[in-house]
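A quick write-up on the structure given underneath.
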Amino acid sequence: MTALGKMGWRRNNSFKGLSGRSGRRGGDDVVEGLVFNIQKFSIHDGPGIRTTVFLKGCPLRCPWCSNPESINPFPEVLAKFENLCLDCGRCNEVCPREAIVVTKKDRADVDDGGHMRSIDRDLCERCMKCVEVCPSGALSKVGEVRTVGEIMGLVEQDRLFYETSGGGITLSGGEPLLQPHFTLALLREAKRRSIHTAVDTSGHAPREVLEGVLPYVDLVLFDIKHADPVIHRDTVGVDNLLIFNNLEYLSGKTRIWIRVPLIPGFNDDKAGICAIAEKIRRLCFDKLCILPYHNWGSGKYAALGRSYPLSEKDETNPACPCLAQALFRAAGVQDCEIVR
Amino acid sequence: MGVAVKQLNASRITKAVQIKDAERPSVSMPVEVKLDPNVRICTERAELVTESYRMTEGEPWVIRRAKALDHLLRNMTIYILEGEQIVGNYASTPDSLPTYPEISCRWLDEELEGAFRENIDEAGRARLREIHSFWYERNVEGRILATLPDDLRVFIEKSKSTAMFTIFWPLGCFTLDLRHWVFPRGLRGIVEEIGRLRGELRADDPEYGEKKDFYDAAEICCEAAIAFARRYAELARKKAASARGKVREDCLRVAEVCSRVPENPPRTFHEALQAVFFCHLISAQIDWYSVGLGQRLDQLLWPYYEADKEAGNIDYDRAVELLEFLWIKLDDLGQINPVTTSIYQAGGTKFQNISIGGVDEHGNDASNELSLAVLDATIDVRTPQPSICLLFHEKMDPRLLDKAIECIATGQGQPAIFNNDVCVKWHLDKALEILYPESGVHIGVPCLGLVQKADRVVRRMIARLPRRVRQRIELSIDEWPNAVYTGGGAVGDALRKVAKKTGFWDAEKGMAIARGWAPTACVGGGLQGRVTIQGTLTSILIFTVLDFVKCFEYVMYQGVEPETGELVGAPTPDPRTFKTYEEFLEAFMRQIEFQVDRANRAYQVAEKIYEEQMPRPFASACTETCVRRGRDGMRKGDASISEIFSMGSVNAAECLAAVKRLVFEEKSVTMDELIAACAANWEGYEDLHRKCLEVPKFGNDDDYVDGILAEFYRKAQAVVHSHRDHWGNGLQLESSLAAGYYVGGLVCGATPDGRVKGETVSDGQLSPMHGRDVKGPTAVLKSCSKVDPHKTWNQLCNQKINPAFLKGENRKLFADYLRTWLKFGNWHVQFNCQSAEELRDAVAHPERHKDLIVRVAGYSAYFIDLAPGLQQDIIARTEQDLSEFASRA
């Protein structure tokens, strides 16, 4: 949480006043938040055809995260020099910290094979000057401050699709509850406009935040990673106590789809699955979704100047999700599907 | 699939033309087009037709035409392949295609030693050359070239470098009135009807001679068609004699069917199918170089199927099997084209459309079990032809939609989906030609059938009107429905009164007719054997494509072709002097006007020659209105719409958007810079290129550019419509061009939408430019919905979908997606499955595939952003999905 504290995130987004239902009703439109993508035609994040709003910032550090750009709660530079750099050198000219490192491409066949670039993330202050001048799109900014009004404008564009298919808006991330004011305002505005709402959460959020948004949420996509608190803390950085408490709290109060990312070597063994099943068996939820592991986010790690925490060759055995499904069913969780 | 179908399907020879590098965008090398070397050119038709024409010199054209068909049908080689249950052949061998020297032959003659050398032997080439020497000056092509004024001839010869591609290509799609006219009485009944009408002709009729010739010709053709079918019956009987067991039974059944139809009304499903094929084969193929079929097969065949089923003679599987036999026959038809035409015609397909779904004349769902059977047959045999069109509407049986999605999932791009409600409305408008003055220009009459009957009554009523009014009304009626009267004032009031009293203006009837619409050739709509639309009762000889991107380029270069320095467009003022966007738009419209005007003048010359020299007595005999009028369908009489195809509209709109935003609104770029950058193909102007690419693009639900497209489309349509064809009808802008778009790109330099020189233009008139729609498929549909189809007609949107979207649970979502599309009121959408090849291309050329989104739960990424190894994974997955669908089918 120190990174968040440094950004002044806490101060600006204090949880105070959230429980008040009336809030600043007329003011929801102008509430701002940090968003890194708005994806229309999402068909895996809740029922029907949906628009998923990805909020930036997450308290967890799951090594398998497929959206690494979602983790930090501030805008970042995404660098795809390898494919797109034209070697024009403009980014070097404008960078005030000289954070863009240029190395000669070492090619035996030609004298001048051009240059390779990378960003020294320790020096980079994220002033985004390089992004502004880059002509090829090799540098781009991930994370934009958007108002609820702007986002709802985009969400409304697909209203007819939601109405026909039973879809709506899904807030995902990152962790949407890490921006409680913004999330609340988005949800409240969506409900005011009669749009179905879903929140995709890690469950790691203060109780009062959950309480605050609950009246405006039609469906919670609740991620469960592991039943064991120690393993959970060691792997993703936070305890799972709060998460399971929150799940219990939500149980029976709203519709819930529990989502379990099936991570090889972490939670895909019989013991891991049974432990999760045992924890949730008595709770009230609609269904459990198994999300098979994929490493499609690995390219984005490189673009962010990070290394992929899991080894590249970690691949889930194709039979594994089915096995997990069988195990869940055997452990008493009947409504269990694999989302592909 | 039965054994016989399987065998026939396996030995099918694809007649499609191979187009090299056709689908690759950004390729600037010439496109090479070649007929498959296995396809032979058959000279039999050319020989027989020429023989007949040589004997009939001096007779009326309509008779000569009928006699040529008669000679052909009685003497051409016929065959029945082993196992065939729907019979009829078109050339002397299954692997060959005939030629049509009476229409055009120069392109073939020139290429006999070139592109077509491998397709014909030396003796055949000599025969053709001899035949061509007879036709060179005499055929339609020769006559047109001799008649065209010099300035137009130059225009046609330079067609490749101008905005118009003008090609000799008779489209001429008739929609035969099988349901209401041919099937109830059979050709024998039509002959009797013709005899009766001929007997009633009065010598004082000013058209007496013409009508009599037409009736004679129609009779010759009907008799020839009956004799043709009997030849097959004979052949089948012969085959039966030397066979035994099931083969013998099948042959005998074929013999029985062929001796019965098309002479008599069909009694069984099998007979009805065979009758459909005979009529189509003769009218659209043997007689003419035509495309199109345009039948609503499920509706047409339902009574026969139902009766057969009730009697226990047929079950669903047998119906599917018979349809499969027909599909294989239809796919057997092909066409040898001039090389350039092949590109537009998507490799020489004959656009034989079969429609399913839709509504009946009362507006109720017309889909039935046969609609499903049509799709099942398509899924089974996977022939590229016929093309299946689903007339989709709210009331349609959900099972049919589900089956359609199953068919789309096989990756054939079938069926094409049409928004029935929108199309019916459009056809109603055209059928009625709107009677009241405030809403339109025309006074017309909705129901053709009623016109003739009411004629006498009308004249009696009109006789009582003041003379001035009377004369104008009489003129209108004589000329109806082509030179129709502009309503208003006393004349308009009187006419409306007459119309209402006589039932001329019968909105209900008009609606019933409009509901019977079906896509004919390509995807243009037509009304079954009635007032017909897309060239349905006429030919489009000079097939014209208006390239909007080229028109835009001519605005930049003031009408000068940048490659050659020649003035080939309108000499509009220097765009650098323009103060407002409106000035620019006006200059753009002037370029369009200039091109349309030239095309239309050429068109008129050509159409007149066609009308005179190429009547179609057989097709006319199969159309009630022609028989009742005593006029050939090619002659003025039945309404039809002459069209001008367009391409590059999306790119042109994006060009306009770039100019509007950068030059006139932001003023961050001068016109001079923009022109210089385009002329330099962006070299040295990378920043400006980026700026241009950042201007909103079509397909992202962005009102700015979508609005520009809608506005420019409206204006372009008005320009096109203000030109009249040789019958006095306004030309119609047709936006369904689905092939050949890359040729349009090849001849254009860089343009302000960010295209580089030679890069292709968008692949449908409402399809976003490849890689520029980055907001997903819903945004594309939204963008399309902003262009009013009622004005602009028939725009095509192609969408690529990931096969995973058609799997399992997702199929329901896809159905919802389609239902939402229905609500937007778009005209037409076509889906192709994303292929593994496309994804591989994305790996190699990420800049062209920015739109490929990877959809997984809680995940956000574009395909091109994935690490290389992962891209390969997804490619493998796509391949697997596709093969799963394939194996299931």
Legend entry - segment A:230-280, accessible surface, carbon-and-sulfur percent (1.4 angstrom probe): 53
Legend entry - Percent breakdown of C-alpha pair distances by 10 Å bin, ordered from the shortest bin, for chain A: 5, 23, 31, 24, 12, 4, 1
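Please compute the contact order of segment B:542-833 in relative form: average sequence separation of alpha-carbon pairs under 8 Å and at least six residues apart, divided by the residue count, as a percent. List each step's numbers first, then the result.
On the way: 489 pairs, mean separation 54.8, N = 292.
Value for segment B:542-833: 19 percent.
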Inset, instruction - Compute the Rg to Rh ratio over segment A:204-340 from the alpha carbon atoms, using the Kirkwood formula for Rh, and round to two decimal places. - result: 0.98
Inset, instruction - Could you please state, rounded to a whole Å, how far the C-alpha centre of segment B:647-697 is from the C-alpha centre of segment A:165-215? - result: 41
Inset, instruction - Counting only heavy atoms of the protein chains, get the accessible area per residue of segment B:542-833 (1.4 Å probe) and round it to a whole Å² value. - result: 28
Inset, instruction - Might you tell me the accessible area per residue for segment A:76-142, computed with a 1.4 Å probe and given in Å²? - result: 62
Inset, instruction - Keeping the other protein chains in place, figure out the carbon and sulfur percent of the accessible area of segment A:76-142, with a 1.4 Å probe. - result: 45
Legend entry - Pairs beyond 27 Å (Cα-Cα), from B:Lys212/B:Lys608; B:Lys395/B:Lys812; B:Lys667/B:Lys697; A:Lys105/B:Lys691; A:Lys300/B:Lys823; B:Lys246/B:Lys350: A:Lys105/B:Lys691; A:Lys300/B:Lys823; B:Lys246/B:Lys350
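With a 1.4 Å probe and all protein chains left in place, how much of the accessible area of segment B:542-833 comes from carbon and sulfur atoms, in whole percent?
On the way: 4070 of 8170 Å².
Its accessible area is 50 percent carbon and sulfur atoms.
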Legend entry - Net charge of Cβ neighbours under 14 Å - reference B:Asp816; Lys, Arg +1; Asp, Glu -1: +1
Legend entry - Ratio of the Cα radius of gyration of segment A:76-142 to 2.2 N^0.38 Å, where N counts its residues: 1.10
Inset, instruction - Provide the solvent-accessible area of B:Arg601, counting protein heavy atoms only and rolling a 1.4 Å probe, rounded to the nearest 10 Å². - result: 90
Legend entry - Alpha-carbon gyration tensor eigenvalues x 5, square-rooted, for segment B:542-833, Å: 34, 28, 15
Legend entry - Threshold 40 Å², segment B:685-712 residues less accessible with all protein chains present than alone (1.4 Å probe): B:Asp687, B:Arg690, B:Asp701
Legend entry - Residues in segment B:748-782 occluded by at least 30 Å² - accessible area, probe radius 1.4 Å, against chain by itself: B:Lys775, B:Thr778, B:Lys782
Inset, instruction - State, in square angstrom and to the nearest 100, the accessible area buried between chains A and B, both chains counted, probe radius 1.4 Å. - result: 3400
Legend entry - Probe 1.4 Å, all protein chains present, accessible-area order of B:Phe594, A:Phe74, largest first: B:Phe594, A:Phe74
Legend entry - Area accessible to solvent at B:Ile86, 1.4 Å probe radius, in Å²: 0
Legend entry - Drop in accessible area of at least 20 Å² in the complex versus isolated chain, residues of segment A:41-59, 1.4 Å probe: A:Phe41, A:Ile43, A:His44, A:Asp45, A:Ile49, A:Phe54
Inset, instruction - Heads up, I need the accessible area for A:Lys105: 1.4 angstrom probe, whole protein in place, Å², nearest 10. - result: 80
Legend entry - Helix-derived mean residue ellipticity, 222 nm - over chain A, DSSP H n ≥ 4, -39500 (n - 2.57), to 500: -8000 deg cm²/dmol
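The values are calculated or read from the model by the stated rules, or taken from the named source; none is laboratory data. Just so it is clear, the model here is predicted, and its values are computed rather than measured. Every residue, glycine as well, gets a Cβ built from its backbone with ideal geometry; the counts of neighbours run over all protein chains shown. Accessible surface areas use protein heavy atoms only, side chains included; no ligands, DNA or RNA. Shrake-Rupley method; radii C 1.70, N 1.55, O 1.52, S 1.80 Å.
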